[in-house]
Amino acid sequence: DGSIPARAKVDSYPVIERYGIVFAFLGDLPEAERPALFEIAEWGQDQWRASGLVVFELNAYFERSMENGLDPVHNEFVHTLQGNIRFRPDCMRVTNGDWGSEVFVRMDPPKPGTTQLEKLRNDAQPEDFGASSGHYGPNTLVTRINLSKVNTLVQYFFEQPVDADHTRIFFINLRNCMLEDSNDERIQQINLAIANEDIAVISHLNPVRTPEVSTKEILIVGDECVGAYRKHLKGWESRGWRLDMQTLREKAGDVAYAIPSPARRLSKNWVLDPVPLVAGGG
């Protein structure tokens, strides 16, 4: 029958369950000011089939994984499973929006093959075979692969930062071809094999995290969308939306922090200090 102390409050966060994933908004913005949850346009649509949700771990910082997906050049060097595709820089374009950027590229179609997946792209003309990759916010990656004029694979990667050295990826693949359920497992195996080729590279990048300045790297044609992604990150950082990881590491074991929840805008006197943020616009 005792009274609960007024300061006995715990931060709780808005959540939405969709696509078999629970999305949490970790912040104190009121609902009207939050970015909308990314919508998978093909989800539940006729003539589109999802191969199922796959969750896998990556021993790397999430930004490095995102940049890998936004880099069109790496495909012909890293992904041997895709055949002898070649990036065509003269057919590349990058577009920018409020919450992300996208790069569209053409590629020379690979030599004809005999598998069902290869047969779908055997008739592809150079103007048909290509791909696009883009991001929504800091950690949603979308890749669209045009096997031919009518056959398309779309891949969605929701990348969860676990810590500075680990990422958990929620992967959904949809297709408008090979719709028989008997193809699900084989397509998933191909996708995961390609993902493992990426992981083999990303897990050994040095420095582990993205350099603070571009002068510590050599950026060339094909890196335009990576640069646009970093520009978006800087913009969100300037709005005070990024955790100050350096201060958190320095204070580890001495101070308990909490990410402010929307309730903190409605009441005061919380026990735990708000997590430190990189200095920005507030």
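The values are calculated or read from the model by the stated rules, or taken from the named source; none is laboratory data. Because the structure is predicted, anything quoted here is derived from the model rather than measured. Glycine also receives a Cβ, built like all others from the backbone with ideal geometry; neighbour counts cover every protein chain displayed. Keep in mind that these areas ignore ligands, DNA and RNA; they rest on the heavy atoms of the full protein, side chains included. Shrake-Rupley method; radii C 1.70, N 1.55, O 1.52, S 1.80 Å.
Taking only the Cα atoms of the stretch 154-272, the ratio Rg/Rh comes out at 1.06, with Rh defined as the Kirkwood radius. Per-residue surface analysis assigns Ser3 an accessible area of about 110 Å², computed on protein heavy atoms at 1.4 Å probe radius. Rounded to the nearest 0.05, the FRET efficiency derived from the C-beta distance between Val22 and Asp90 at R0 = 41 Å is 0.45. Within the assembled protein chains, the solvent-accessible surface assigned to Met178 is about 20 Å², based on a 1.4 Å probe. Ligands, DNA and RNA left out, the 1.4 Å accessible surface of the chain is 53% carbon and sulfur atoms. Computed from backbone phi, the HN-Hα couplings of the stretch 16-33 come to 9, 9, 7, 6, x, 10, 9, 9, 10, 9, 9, x, 10, 5, x, 3, 5, 9 Hz, rounded to whole numbers (Karplus: 6.51 cos²θ - 1.76 cosθ + 1.60, θ = phi - 60°; Gly and Pro given as x).
A probe of 1.4 angstrom, applied to the heavy atoms of all protein chains, finds Trp236 with accessible area near 20 square angstrom.
Close amide H partners of Val162, meaning residues 5 or more places away or on another chain with modelled amide H under 5 Å apart, are Thr167, Arg168.
Rank Val73, Val94, Val255 by mean-square fluctuation in a GNM of the chain with C-alpha springs under 10 angstrom and give only the top-ranked residue. Largest GNM mean-square fluctuation: Val255. Rolling a 1.4 Å probe over the heavy atoms of the protein chains gives the chain an accessible area of 57 Å² per residue. Distance between the pseudo-spin-label points of Val255 and Ser203 (7 Å out from Cα toward the beta carbon): 3.5 nm. Computed over protein heavy atoms with a 1.4 angstrom probe, the accessible surface ordering of Ile190, Ile172, Ile218, largest first, is Ile218, Ile190, Ile172. Taking 0.36 nm per residue of separation and subtracting the current Cα-Cα distance, fully stretching the chain between Ser12 and Asp163 would add 52.3 nm. Close amide-amide hydrogen proximity is noted between Thr152 and Leu147, Asn176, Cys177, each under 5 Å apart and 5 or more residues distant or on a separate chain (H modeled in the peptide plane; Pro and chain starts excluded). For the chain, leaving out every one of the GluC sites (Glu not before Pro) that falls in a DSSP loop and has at most 15 other Cβ atoms within 10 Å, the longest unbroken run is 40-126.
Amide H to amide H distances under 5 Å link Gly52 with Asn173, where only residues 5 or more positions off or on other chains count and H is placed in the peptide plane.
Per-residue accessible area (protein heavy atoms, 1.4 Å probe) orders Arg186, Arg18, Arg249 as Arg249, Arg186, Arg18, starting from the largest.
Applying the Karplus relation 6.51 cos²θ - 1.76 cosθ + 1.60 with θ = phi - 60° to the stretch 46-54 yields 3J(HN,Hα) values of 4, 6, 10, 10, 8, 7, x, 7, 10 Hz, where x marks Gly and Pro. Pairs of Lys residues in the chain that lie 8 or more places apart, or on two chains, and have C-alpha atoms under 26 angstrom apart add up to 9. Between the labelled values (1) 32; (2) 23; (3) 29, the entry that holds percent of Cα pairs over 32 Å apart as derived from this structure is (1).
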